[in-house]
């Protein structure tokens, strides 16, 4: 396993991209709208991982609600796994609270599933399986 990306919630994707480009010289690898999750994202590679900037499409989306409660900042850490279904089963057996019992399609057509922060010391954890 390794860290796939770190998700950062932002109100304005364009402004957030400019900050990461100007401050650190990072470039955008890809952008996309993930309608199912109600976000527009930009992926910026850094080392072997990515920074994923997340802008809500609506205030009612999960990222929109997160921004209302907590403001901009780190939203989640994503870990790449080889077999997401097996990882979910193992976590469930060990008593982890799963947000997603089964994987769904995420950015880049990857399979993704979220683990509730109450099971991971307050950190929203995303599992990612590349297809």
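Quick note: the coordinates plus some simple rules give every number you see, no bench work behind them. Owing to the predicted nature of the structure, the values given are computational and were not obtained by experimental measurement. In this analysis, Cβ positions are derived from the backbone assuming ideal geometry, glycine residues included, and neighbour counts consider all displayed protein chains.
Structure summary
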| read-out | value |
| --- | --- |
| Residue order, fewest to most beta carbons within 10 Å, for 58, 49 | 58, 49 |
| The chain: angle of helix 84-93 to the longest principal axis, Cα-based, in degrees nearest 10 | 60 degrees |
| Residue-averaged 222 nm ellipticity for the chain, from DSSP H runs of 4+ at -39500 (n - 2.57), nearest 500 | -7000 deg cm²/dmol |
| Per-selection Kirkwood Rh - the chain (Cα, Å, 1 d.p.) | 15.0 Å |
| All-pairs Cα distance distribution in the stretch 9-68, expressed in whole percent, bin size 5 Å | 4, 21, 28, 23, 15, 8, 1 |
